[in-house]
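The values are calculated or read from the model by the stated rules, or taken from the named source; none is laboratory data. Remember, it's a predicted structure, so these values are computed and weren't measured experimentally. Glycine gets a Cβ as well: all are built from the backbone with ideal geometry, and neighbour counts include every protein chain shown. All accessible areas refer to the heavy atoms of the entire protein, side chains included, with ligands and DNA or RNA removed. Shrake-Rupley method; radii C 1.70, N 1.55, O 1.52, S 1.80 Å.
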Amino acid sequence: DGRELQRPNFDWASYDMRLQNSVAGRIYQELQLFFQARRQLVNTLPRAPLRVLTTSEPALLALQRGDDVLGLFNFSQAAITLDKHTIKARLRDTYINLITHQATELLSLTLEPYGVLWLQSSKITSSP
């Protein structure tokens, strides 16, 4: 098998940067948190339906898995601030950020340019 003949030597110094406080290290650590949250969601909601929510912002993609999880994706260079008219669905006021595990108020939320948020509502009760 000749695959090893044309494969470059592994860059161990770059690989070790994943544990350092560098840009590469921060990206690696954030991705690990994302993968952990995703594994938790798959185990929690394996058959929950996924639906696309209508939004007033053309650059905002809002996905809802079951009644519990909300994914927000900003596909623009500008930040998007959510208000009660941004997402055309009945949603809870407060969610838990699945990466940071902090409570997040949906109506005061600003999604950074090209930002992504995974939010879960199961631990929070909605207001009437």
What net charge is computed for the residues neighbouring residue 66, neighbours being all others with C-beta under 12 Å from the C-beta of residue 66, Lys and Arg scored +1, Asp and Glu -1? +1
Per residue, how much accessible area does the chain have with a 1.4 Å probe, in Å²? 72 Å²
State, as an integer percentage, the relative contact order of region 55-94 based on alpha-carbon contacts under 8 Å between residues 6 or more apart. 41 percent
About the Cα centre of region 1-118, how large is the charge dipole given +1 on each Lys and Arg Cβ and -1 on each Asp and Glu Cβ? Please answer in debye to the nearest 20. 400 debye
Given a 1.4 Å probe and every protein chain left where it sits, what share in percent of the accessible area of the chain is carbon and sulfur? 54 percent
Contact order relative to length of the chain, as percent, for alpha carbon pairs under 8 angstrom and 6 or more apart: 20 percent
Please report, to one decimal in angstroms, the Kirkwood hydrodynamic radius of the chain built from all distinct Cα-Cα pairs. 16.8 Å
Mean residue ellipticity at 222 nm from the helices of the chain, using -39,500 (n - 2.57) per DSSP H segment of n ≥ 4 over the full residue count, to the nearest 500 deg cm²/dmol? -6500 deg cm²/dmol
Give me the angle, in degrees from 0 to 90, between the Cα long axis of helix 23-44 and the longest principal axis of the Cα atoms of the chain, rounded to the nearest 10. 60 degrees
